[in-house]
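Here's the structure we're looking at; comments come further down.
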Amino acid sequence: MDPLILENVNKTYHLDRVQVAALSDVNLRIRPHCFTVLSGASGSGKTTLLNLIGCIDRPDRGAITVAGQRVADLTDDALSDFRLRHIGFVFQNFNLLPVLTAYENIEYPLVLTRMPKSKRRERVRELLEAVGLGMHAKHWPGQLSGGQRQRVAIARALATAPELVLADEPTANLDSQTGASIIALMRRMQRDYQATFVFSSHDPHVLAEADDAVVLQDGRIVRTEQRQRPELAS
Amino acid sequence: MKTLSLALRNLLRNRRRSIATILAMVIGSVSILLFGGYVQNIIYGMQTGYVRGGGHLQLQHRDYFLYGSGDPTAYGITGYQRVIDLLRADPVLSPMLTVVTPTLEFGGIAGNFDAGVSRTVFASGVVVDDQNAMQRWNDYGFPDRPEILALTGTGDDSAIIGTGVARVLRLCAPLHVSDCPQPAAVAQPTGAELPADVARLATPEESPGDASSATGPVGHPHIELLAATTGGAPNVARLEVAKAEELGVKEANDAFIGLHLVQAQRLLYGRATPEVTAISLQLHHTGQIPFARRRIEELLRTSLKRSPLAVYDFKALNPYYGQTVGLFGAIFGFIAVLIGAIVLFTVGNTMNAAVVERTVEIGTLRAMGQRRAGIRRLFISEALLLGLFGALLGVGVALILASVINHSGLTWTPPGRVHPIHLHVRVWGEWRMLLSTAVGLLLVAMLSAWWPARRAARLPVVEALRHV
């Protein structure tokens, strides 16, 4: 089953009296367990598309199916619950809660799922080790570097084992070396946790790592590229 | 991560603002509690005064309260001693009673005929020992000592008068009343001489019971008290004035005369069967009034059904008490509403600022799967914690300040009092006031957070994440 299907999706923003078509008739299928990059120039509709995929915004027209669920008819609470269990987010600015430690930031979505404490501890420890921050569990976000914060954010996004992880320009606020390491980490996490990753980025390193690439221009998909996944090729 | 824990951490994030908000709540709650404690003390003081003077409940002829002051003998309680005995012996009432005592109140004319002056007075005949026992009632723990009636240990023909009566009757000098100016020119009496038969009434009757009246302390001045007997005839008693008392209220000072019940009955009833105008009942606690009243009403329907009696509590007998309580209640309510409004806007402002500052976090939480209700709960929890800290600190500071005030030795003279009393603020022990203030503060804090919390919860996730 494709984790994500978009059919004739349209989204228009109203800026004062001007209507801006952010997305027009977007049709898209994302392959499962792939590393898909949405690319395009600034204002091409990458972030809007990512927001719709992430169920944090609603299309004006069209249907979106995530993990087999058509999300258009879900109530706000049902959408929240759906996001909690099926979608993980990695933000450009990391968006860690500053009053929570690295451990607690990763634990937070698990608390929302009412997972028992012992299981939570086990899961958070596992994720912290996976992102290489086992020794930083009690660090506050302010005590971590940008790369470390993004690692925590990746671990948090994977905490509830979602089918889909969305990342909006995850390397934009990192230097190229750290950015590359974060991409490598995400690649590994995607493989280890069998999640589908969808990025928005125009970082050539990210594009080079992608299994699939979707190129947007003026709110339309102008090109899609499906590449042979390296591990499948091998 | 529990919501309260997260809320607490968020409050600690901006400590200065949280402290300023809590401080506003502390000042608000301290103001309410200190003023409330002060008012409570005044009300307890008034209540204590009324209960010491006239008991918690009074049995009167059912028409005396409305019509009796003009003709007390027409509305007396016949066989009052039987009623008193019955009340004292009643198994339900007796455990609640401290004192049951009769009183006889009437109007008359007091005269110092040697000086040719007189004035209308309001007289009260009492059983001195009972009244002294009533003065010991101190359910609210006031530090003052019980006042002993000046009639204590005096003969039956003794009386006490208000300083105003002493002034009018030209008795300030012999009664050592200070601050008692005499008129520049004393007008000579122009009225007719007292008729001989009326003057003769003032001559003490010789009877065994009068022995004490002839042996009063030497040097005390005398007055004549003229009143109407049950038959409507005038009767005069010659009374030895034991003391002139300052009663605090000019109207009382200028008209009061207190005397022994026996003497008052002799004056009004002569050799007829004496009656009284009221039977006062003092209870151990004011809270027992409804129970005692219910029982008395039951007795009035059964054992005392032939007696045309009615029972009144001290509030009905002293409407000024209710009016004062109402006035202070209104002032207290007004202040509480004002302070509540200030707290409402202070906390609301704090929460609004928090929502603006944490808009991106709200978006992040919502994106992660936090429901709107969770966001609302988070901000309301923060307000709840602010309110809780404000209330606890407010109560603590109010208790400390009240203790400091109570031990500072400050005094004040309440209306209707003569002597200054210690300024006392009752906060400790006023659990209902403490609890209602704390709960009220919590509710106001939560209410003030409701709108910002709702706004935060309804923020579109995308816009919240985009917030700069």
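Throughout, read-outs are computed from the coordinates displayed, never taken from laboratory work. Here the structure is a predicted model, which means the values were calculated and not measured. Positions of Cβ are backbone-derived with ideal geometry, glycine not excepted, and every protein chain shown enters the neighbour counts.
Assorted remarks:
- Spatially close Lys pairs in the protein assembly as shown, defined by Cα atoms under 29 Å apart and a spacing of eight or more places or different chains, total 8.
- Per-residue mean of C-beta atoms belonging to partner chains within 10 Å, peptide B:371-383: 1
- Report summary: the helix-based calculation at 222 nm, which adds -39500 (n - 2.57) for every DSSP H run with n ≥ 4 and divides by the residues of the protein assembly as shown, gives -14500 deg cm²/dmol.
- Coordinate range along principal axes, alpha carbons of the range B:63-307, Å, largest first: 60, 45, 35
- Cβ crowding within 10 Å ranks A:Phe199, B:Phe334, B:Phe328 as B:Phe334, B:Phe328, A:Phe199, fewest other Cβ atoms first.
- GNM result for chain A, Cα springs below 10 Å: residue of A:Glu209, A:Glu169, A:Glu122 fluctuating most strongly: A:Glu122
- Listed by Cβ neighbour count within 10 Å, with the fewest neighbours leading, A:His86, B:His407 appear as B:His407, A:His86.
- Taking only the Cα atoms of chain B, the radius of gyration and Dmax are 32.0, 108 Å.
- Residues A:Val26, B:Val360 in ascending order of nearby Cβ atoms (within 10 Å, fewest first): B:Val360, A:Val26.
- Spin-label zone in the range A:82-118 - amide nitrogen under 11 Å from a point set 7 Å from the Cα of A:Gln143 along the C-beta vector: A:101-103
- Cα Rg over Rh - the range A:115-234, Kirkwood: 1.00
- Alpha-carbon centroids, the range B:136-185 and the range A:27-80: separation in whole Å: 93
- DSSP bridge analysis restricted to the protein assembly as shown gives an antiparallel fraction near 70%, rounded to the nearest 5.
- Annotation for B:Thr152 and B:His467: the two label points, set 7 Å from Cα along the Cα-Cβ direction, are 7.2 nm apart.
- Inter-label distance, nm, simple model (7 Å from Cα along the C-beta direction), A:Thr12/B:Lys305: 9.0
- For the range A:141-151, 3J(HN,Hα) computed residue by residue from phi via the Karplus equation (6.51, -1.76, 1.60; θ = phi - 60°) reads x, x, 9, 10, 6, x, x, 5, 4, 5, 5 Hz, glycine and proline entered as x.
- Cut-off under 5 Å, modelled amide H: who pairs with B:Gly107 long-range: B:Ala123
- Residue-wise HN-Hα coupling along the range B:288-302, computed from phi with Karplus coefficients 6.51, -1.76, 1.60 (Hz; x: Gly, Pro): 7, 3, x, 5, 5, 4, 4, 5, 5, 5, 5, 5, 5, 8, 10
- Positive-end residue, the range B:63-307 charge dipole about Cα centroid, Cβ charges, pick of B:Ile257, B:Pro72, B:Val117: B:Pro72
- Kirkwood Rh, angstrom, the protein assembly as shown [1 / mean 1/r, Cα pairs]: 33.0
- Long-range amide H partners of B:Ala150 with built H, under 5 Å: none
- On Cα atoms only, tilt of B:359-368 relative to the major axis of chain B in degrees: 70
- FRET efficiency estimate (nearest 0.05) - Cβ-Cβ, B:His407 to B:Arg294, R0 41 angstrom: 0.50
- Over the Cα atoms of the range A:155-216, the radius of gyration divided by the Kirkwood radius equals 0.94; this is the Rg/Rh ratio.
- At the listed q of 0.19, 0.20, 0.22 Å⁻¹, the Debye profile of the range A:23-85, built from one uniform point per Cα, gives log10 I(q)/I(0) equal to -0.80, -0.88, -1.04.
- Between the range B:1-71 and the range A:5-19, the alpha-carbon center distance in angstrom: 60
- Bins of 10 Å from zero: percent of alpha-carbon pairs in the range B:64-121: 18, 30, 27, 16, 7, 1
- Taking all Cα pairs closer than 8 Å and separated by 6 or more residues, the relative contact order of chain B comes to 27 percent.
- Computing FRET efficiency as 1/(1 + (r/R0)^6) for A:Val20 and A:Arg70, where r is the C-beta to C-beta distance and R0 is 30 Å, gives about 0.70.
- Cα point-scatterer Debye curve for the range B:228-383, base-10 log of I(q)/I(0) at q = 0.18 Å⁻¹: -1.24
- Taking A:Tyr13, A:Tyr193, A:Tyr103 as the candidate residues, the one with maximal mean-square fluctuation in a Gaussian network model of chain A, Cα springs under 10 Å, is A:Tyr13.
- GNM result for chain A, Cα springs below 10 Å: residue of A:Ala208, A:Ala137, A:Ala63 fluctuating most strongly: A:Ala208
- Helix axis angle, B:80-89 relative to chain B longest principal axis, alpha carbon, degrees: 40
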